[in-house]
Structure formats: C-alpha cells, structure tokens
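The structure appears right after this line, and notes come after that.
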Amino acid sequence: MTEQGIPGVAVIGAGLAGVIAARDLAAAGRGVHIVEKSRGAGGRMATRRTRDGLAFDHGAQYVRAHGADFAAEIAAWAARGLAAPWGEGDRFVGVPAMNAPVKALASGMPLTVGTAVAAIEGVPGRWELALADGGRLGPFAAVLVTAPAPQAAALLAPVAPALAEAAATARYAPCLALMLAFAPEALAPPCVPAQRPDHASIAWIAEEATKPGRAAGAERRVVVHATPGWSRAHLEETPDAVARSLLAEAAPFLAARAAPLHAVAHRWRYALVEAPVGRACLWDAATGLGAAGDWCLGGRVEAAYDSGRALARAVLGEGGR
Ligand SMILES: Cc1cc2nc3c(=O)[nH]c(=O)nc-3n(C[C@H](O)[C@H](O)[C@H](O)COP(=O)(O)OP(=O)(O)OC[C@H]3O[C@@H](n4cnc5c(N)ncnc54)[C@H](O)[C@@H]3O)c2cc1C
C-alpha cells in the first residue's frame with residue numbers, strides 16, 4: 001500500500017514501455033515498483049559497456065516521432081540533455097548513450113534490477129511476484145507485464161490466459177548485432193557514416209563517434225546489424241561464430257586496413273516486431289493484470305511509448321485500450 005493507502009502496481013520490465021507506464025502511474029499518485037532482469041533500465045534502447053571502457057549502442061539506433069505526444073517527449077528529453085538530433089533532421093539519439101532517457105526516467109522510482117520475475121502468483125487484489133533469485137515482492141493490486149511478447153505471454157498464461165493468448169499472436173524478427181572497435185588508422189576517414197545498405201546480410205552499419213555527446217575514445221567503434229534473413233539463418237550459432245561471419249559480411253563496407261581490436265556479437269532474439277497485436281495495450285480491470293510493449297502496436301520505440309502510456313491510462317480508468 002502507498003502512503004495514501006492506494007494499492008501498489010508492479011511493473012515487470014524497465015524498457016521504455018514499462019518505465020513510461022510507471023512514470024504516469026506515479027504522477028497520478030499510485031505506488032509503483034519496477035522489476036528488471038538485466039542490470040539496468042533501457043531494454044532494447046540499449047548500451048553495452050565493455051570492461052575496457054568501450055560503449056556501444058547495440059540495440060535501437062535512433063528514435064523518431066510520428067505523433068505529437070512522442071515528439072513532445074523527445075523534446076523534453078532534449079531539453080534535459082538526454083537526447084540530441086543525429087543525422088537526418090528528425091532522428092534523435094540518447095545522450096550520452098541510447099539508454100540515457102529511460103535510465104533518467106526510472107531514477108527515483110523503486111526499481112529492482114538483476115533478477116527476472118519467474119511467476120505472478122496470488123489472487124486479484126493481492127498479486128505477488130516470485131523472483132528467479134528466490135525473492136518475493138508484493139502484494140500488489142495490479143501487475144503490468146512489459147517484457148517482449150513471448151516472455152509476457154509465458155508470465156501471463158497461468159493467471160490471465162486471455163491476455164497471454166493475445167500477446168502470443170505478436171511476431172518478431174531477430175537481429176544479430178556486431179560490436180567492433182578498430183585502431184584509429186585501421187579505418188579510412190571520414191567516419192563510417194550510418195548506412196542502411198540494400199544488402200542481403202547487412203541491415204545497418206554506423207560509427208558511434210558520429211553520434212552527439214559520445215566520448216571520442218582512442219578506438220573507432222562501429223555497430224553492425226544483420227538483416228532479419230541473415231539473423232534467422234545464424235541465430236543459434238555461437239557468438240564467436242556469428243562475430244566471424246558477420247565481420248566477413250561487413251568487410252566491404254568497412255574497408256578496414258587491419259583486424260578489429262574488439263569484435264563481439266549480440267543476439268536479439270526478439271528485436272523488431274513484424275506483426276503487432278493491434279491493440280494499444282492489454283488490460284483486465286477485473287484481475288488488475290495488464291501488458292504493454294512495442295509488440296502491441298508496432299516495432300519502434302514510439303510504439304513502446306504509446307503502449308506504456310495507454311496502459312497507465314487504462315489502469316487509471318481513463319480508457320486508452
Ligand atoms: C537491434 C535493434 C535495432 C532497433 N532499432 C530501432 C530504431 O532504430 N528505432 C526504433 O524506434 N526502434 C528500434 N528498435 C526497436 C526498439 O528498440 C523497441 O521497439 C523498444 O525499445 C521496445 O521497448 P519495450 O519497452 O517495449 O521493450 P524492451 O525495451 O525490450 O523492454 C522490455 C524489458 O523487460 C525485461 N524483461 C523481460 N523479461 C523479464 C522478466 N521475466 N522479469 C523482469 N524483466 C524482464 C527486459 O530485460 C527488458 O529490459 C530496435 C531494436 C533492436 C533490437
């Protein structure tokens with residue numbers, strides 16, 4: 001219960017959808033508690049930091065607003081120095097890293113990181129979260145699941161089969177990403193510009209230093225994303241094998257004069273939503289269980305934002321589904 005005696009809301013997942021839903025609920029006076037399985041907030045608005053101090057935005061590359069609501073949000077991030085324009089006019093990136101806006105929004109809210117929610121247990125009005133590390137949180141009046149759809153469906157199935165069934169209809173393309181660092185002289189100047197080549201294997205290639213607010217660093221850092229087709233074909237290979245093959249595919253674009261100092265692959269099994277559910281969010285007022293995420297509306301950061309806001313409105317009884 002919150003100080004005002006209002007039952008609290010648990011939010012599973014600290015990607016943009018979860019953090020935005022939590023922010024709007026907190027602003028309306030609801031007690032919220034976010035649980036995130038990875039080490040911090042951001043989700044697929046992700047930044048990987050290596051032990052050598054290299055940082056790569058290996059998930060979402062930029063955000064772009066189509067609607068006025070998200071445009072105002074990006075403008076607010078920019079006003080706080082959390083985002084800045086990059087490249088073509090209406091593209092923005094987080095500053096100093098892609099996860100910065102979500103991290104800033106989550107700060108100040110109760111957030112448990114580094115442990116996954118294994119199950120939602122209990123009864124309506126008194127839900128509890130069983131954590132993978134053996135801990136428990138709760139009770140909560142409502143639980144909002146903002147994990148990618150297949151993971152959301154698995155959590156919801158025992159307690160909200162209809163919501164789980166709806167979530168399970170979303171379809172994703174995977175993305176294999178490659179994080180590369182080269183000695184400065186290994187790549188020809190100017191920096192590798194962000195490109196979306198029309199290529200069977202390479203969907204995207206960009207140099208981190210071309211983005212605003214990044215520390216220059218001694219190394220030239222490049223992120224490569226494989227196409228959905230190439231990613232599907234190589235999805236179950238080891239990270240080392242993916243790194244070798246994807247580097248070979250990217251070689252014509254890099255024209256590197258020397259081997260990379262750092263080449264690490266990352267598998268995004270649920271990267272880009274190909275078929276969304278087609279509802280702004282899922283919410284069952286009778287049980288206090290709901291779900292949100294890009295997979296409700298489409299495969300972009302803005303879809304996650306719109307879905308998170310819609311779920312907060314639904315919980316507050318303002319419609320929005
Ligand atoms: C390679 C790649 C490139 C992309 N490029 C772009 C782009 O350029 N522009 C764009 O707009 N979009 C892009 N996207 C899509 C964009 O990143 C997503 O649409 C958006 O970030 C999704 O936000 P979300 O909050 O719905 O989900 P997520 O960001 O995935 O957040 C879900 C969170 O739930 C957590 N979680 C899952 N299961 C559990 C559990 N059991 N317990 C606790 N926590 C859990 C996860 O760790 C994660 O942090 C890209 C995505 C990828 C992967």
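The values are calculated or read from the model by the stated rules, or taken from the named source; none is laboratory data. Since we're looking at a predicted model, the values are computed, not measured. When we count neighbours, we look across all protein chains shown, and the Cβ atoms used for this are built from the backbone with ideal geometry, even at glycine.
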remark   = Filtering region 30-74 for residues that are in contact with a strand residue (DSSP E or B) (Cβ under 9 Å, 6 or more places away or on another chain), away from the ligand (no atom under 12 Å from the Cβ) and without any contact (Cβ under 8 Å) to a residue 24 or more places away in the chain leaves a count of 1
request  = Select from region 198-210 the residues that are out of contact with any helix residue (DSSP H, G or I) (no Cβ under 7 Å at 6 or more places or on another chain), within 25 Å of ASP52 (Cβ to Cβ) and surrounded by fewer than 22 Cβ atoms within 10 Å (Cβ to Cβ) and list them in ascending order.
outcome  = TRP204, GLU207, ALA209, THR210
note = Among the residues of region 205-228, the number that are in contact with a Phe, Trp or Tyr (Cβ under 7 Å, 6 or more places away or on another chain) and part of a loop (DSSP other than H, G, I, E, B) is 3
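Okay, residues lined up against (1) over 15 Å from ALA248 (Cα atoms); (2) out of contact with any Cys (no Cβ under 6 Å at 6 or more places or on another chain); (3) within 14 Å of the ligand (Cβ to nearest atom):
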site: PRO189; (1), (2), (3): yes, yes, no
site: ALA194; (1), (2), (3): yes, yes, yes
site: HIS199; (1), (2), (3): no, yes, no
site: LYS211; (1), (2), (3): yes, yes, yes
site: GLY217; (1), (2), (3): yes, yes, no
site: VAL224; (1), (2), (3): no, yes, yes
note = Restricted to region 127-178 and to residues being surrounded by fewer than 21 Cβ atoms within 10 Å (Cβ to Cβ) and part of a helix (DSSP H, G or I), the residue nearest to the ligand (Cβ to nearest atom) is GLN151
query = Among ALA291, ALA226, ALA286, ALA265, which is the only one that is farther than 16 Å from HIS58 by Cα, surrounded by 22 or more Cβ atoms within 10 Å (Cβ to Cβ) and either in the same structural domain as VAL19 (by TED's automatic domain parsing) or within 21 Å of the chain's Cα centre (by Cα) (or both)?
reply = ALA291
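Across region 179-204, what is the total count of residues that are in a strand (DSSP E or B) and more than 19 Å from the chain's Cα centre (by Cα)?
5
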note = Scanning region 229-256 residue by residue, those assigned to a loop (DSSP other than H, G, I, E, B), over 22 Å from the mean Cα position of the chain (by Cα) and farther than 21 Å from ASP52 by Cβ turn out to be GLU237, THR238, ALA255
key: When residues of region 66-90 are limited to those that are at pLDDT 95 or above and charged (D, E, K, R), the one surrounded by the most Cβ atoms within 10 Å (Cβ to Cβ)   = GLU73
request  = Considering every residue within region 238-246, establish whether at least one is outside the structural domain of GLY125 (by TED's automatic domain parsing) and among the charged types (D, E, K, R).
outcome  = yes
request  = Consider only pairs whose beta carbons are under 6 Å apart and that are at least six residues apart or on different chains; among these, list those whose first residue lies in region 204-222 and is on the phi < 0 side of the Ramachandran plot and aliphatic (A, V, I, L, M) and whose second residue is within 16 Å of the ligand (Cβ to nearest atom) and assigned to a strand (DSSP E or B).
outcome  = ILE205/GLN195; ILE205/VAL224; ALA206/VAL223; VAL222/LEU180; VAL222/GLU207
remark   = The condition of being within 10 Å of the ligand (Cβ to nearest atom) and of a type in the set (S, T, N, Q) holds, among SER307, SER245, only for SER307
key: Every residue from region 229-259 that is of a type in the set (A, V, I, L, M, F, W, C) and loosely packed, with under 14 Cβ neighbours inside 10 Å   = ALA241, ALA248, ALA251, ALA255, ALA258, ALA259
